[in-house]
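See structure below.
Values quoted throughout were computed directly from the atomic coordinates according to the rules given, and no laboratory measurement underlies them. Being a predicted model, the structure only gives us computed values, none of them experimental. Glycine also receives a Cβ, built like all others from the backbone with ideal geometry; neighbour counts cover every protein chain displayed.
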Amino acid sequence: MQRRRVGTSGLEVSRLGLGTMTWSRDTSPEEAADQLDMFLDAGGTLLDTAASYADGGSEALIGSLLGGAVAREDVQICTKAGIRRTGDGGMIDASRDTMLDTLDASLARLGTDHVDLWLVHAFDAITPSDETLHALEIAVNSGRARYVGVSNYPAWATARIATQATGRPAIAAAQLEYSLLQRGIEREAVPATRSLGMGVLAWSPLGRGVLTGKYRHAVPADSRAASEHLAGFVEPYLDDRAGVIVDALATAADGLGLAPQQVALAWVLAREWVSSAIVGARTARQLGPSLEAESLSLPDAIREALDEVTAPALGYPERR
């Protein structure tokens, strides 16, 4: 598997990252181990997790696997902080204390003294961005994180914190949702990251699983959309617009003799500003086709047709 540089930083990651949001909750330790073996055998290096995934269970499972047959130096770990658990559920909190306390807990669960990339999980509209940035600076200067970035930030907030980082460890990456079903970041976030030298890590490049085509006719009983805790995550992409896009994708895939998810991933990876596309799966069997997509290149006519049918609406001030 090829590697790509994350923006203008010195960090290089595999073009596909392995997402672990379902690990320890929907994905068993045995399936997780099989996924990790497949991913490493394919040349992948980047593992994506977060302190909030399964209330720390994802990180703990990764830590148990790294304590076995997989060496720490064989993987690059990206984790996130900034969502604090309360009695009413998760609460966005990117304050310095919460960020650093969460990082220390993550490192303990992962069984390592550092992470390769540490991200602010979500934009905090209350905490001053300079305070959040100070937490990132402390993490890098103390050796607990090699590189830092943000996740799910609007473009203006990305530009602000990256500019505030002048003279401090740079904001190397922005993790953002991007797929044929969600191209909103092309309006302002992508131009901002490119001008600031940041790389984009694309999460949910398969449209929260919808671009696999599994929901074209019904909701499978074992799918995310049928899961009590993930149904709301998938539901926004089960509308008529998504149906049109999935049908077009399936037609393209049939013509190429590929699976829809492979065409969807190849389309994302063709964007040169995407440093890595984060793919997740409940089972190793589901992961296989995604790993095969890394080496695919779509014909120009197919790519252009998919561009046209999925183009995001542009208006003022992006287009006048």
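For the chain, modelled as a GNM with alpha-carbon contacts under 10 angstrom, which of GLU294, GLU137, GLU272 fluctuates the most?
GLU272
Grab the Cα-Cα distance for LEU296 and GLU235, subtract it from 0.36 nm times how many residues apart they are, and report the gain in nm with one decimal.
19.0 nm
For the chain, modelled as a GNM with alpha-carbon contacts under 10 angstrom, which of GLY288, GLY44, GLY280 fluctuates the most?
Maximum fluctuation in the GNM of the chain, among the listed residues, is at GLY288.
Restricting to bridges with both residues inside the chain, how much of the DSSP beta-bridge set is antiparallel, in percent to the nearest 5? If you can, show how the numbers build up before the last one.
Details: 8 of 40 bridges.
Taking every DSSP beta bridge with both residues in the chain, the antiparallel ones total about 20 percent.
What list of ³J(HN,Hα) values in whole Hz, one per residue of the stretch 109-125 in order, does the Karplus curve 6.51 cos²θ - 1.76 cosθ + 1.60 (θ = phi - 60°) give from phi, with Gly and Pro shown as x?
The phi angles translate into 5, 6, x, 9, 9, 7, 10, 7, 9, 10, 10, 6, 5, 7, 5, 9, 7 Hz.
Could you give me D for the stretch 1-112, from Stokes-Einstein at 37 °C and 0.692 mPa s, where the hydrodynamic radius is the Kirkwood radius over C-alpha pairs? Units µm² s⁻¹, please.
Diffusion coefficient, whole number: 223 µm²/s.
Picking from ARG85, ARG282, ARG183, which is most flexible by a Gaussian network model of the chain using Cα springs under 10 Å?
Looking only at ARG85, ARG282, ARG183, the largest GNM fluctuation is found for ARG85.
Using amide H atoms built 1.01 Å from N in the peptide plane, name the residues 5+ places from ILE92, or on other chains, whose amide H lies under 5 Å from its own.
For ILE92, whose amide H was placed from the backbone, the distant partners under 5 Å are ARG84.
If r is the Cβ-Cβ distance from THR251 to ALA105 and R0 is 56 Å, what FRET efficiency results, to the nearest 0.05?
The formula returns an efficiency of 0.75 here.
Under a point-charge model restricted to the Cβ atoms of Lys and Arg (+1) and Asp and Glu (-1), what is the dipole moment magnitude of the chain relative to its Cα centre, in debye to the nearest 20?
580 debye
For the stretch 245-257, take each phi angle, set θ = phi - 60°, evaluate the Karplus expression 6.51 cos²θ - 1.76 cosθ + 1.60, and give the result in whole Hz per residue in order, putting x for glycine and proline.
Per residue, the Karplus-derived 3J(HN,Hα) values read 5, 5, 4, 5, 5, 5, 4, 5, 5, 4, x, 9, x Hz.
Which FRET efficiency, nearest 0.05, do ASP113 and ASP55 yield, Cβ-Cβ r, R0 30 Å? Walk me through the intermediate numbers first.
Numbers: r = 23 Å, r/R0 = 0.76.
The formula returns an efficiency of 0.85 here.
Could you work out how much longer the chain between ARG285 and GLU30 gets when fully extended? Use 0.36 nm per residue separation minus the Cα distance between them, nm to one decimal. Mind showing how you got there, number by number?
On the way: separation 255, 0.36 × 255 = 91.80 nm, distance 1.26 nm.
That works out to 90.5 nm of additional length.
With unit charges on the beta carbons (Lys and Arg positive, Asp and Glu negative) and the dipole taken about the Cα centre of the stretch 99-157, which residue among ALA145, THR127, THR112 sits farthest to the positive side?
The Cα lying farthest towards the positive end belongs to THR112.
Relative contact order for the chain: what is it in percent, counting Cα pairs under 8 Å that are at least 6 residues apart?
That works out to 19 percent.
Computed on alpha carbon atoms, what radius of gyration and Dmax characterise the chain, expressed in Å?
Cα only, the chain: 18.8, 57 Å (Rg, Dmax).
Dipole magnitude of the stretch 34-125 about its Cα centre, charges +1 at Lys/Arg Cβ and -1 at Asp/Glu Cβ only, in debye to the nearest 20?
200 debye
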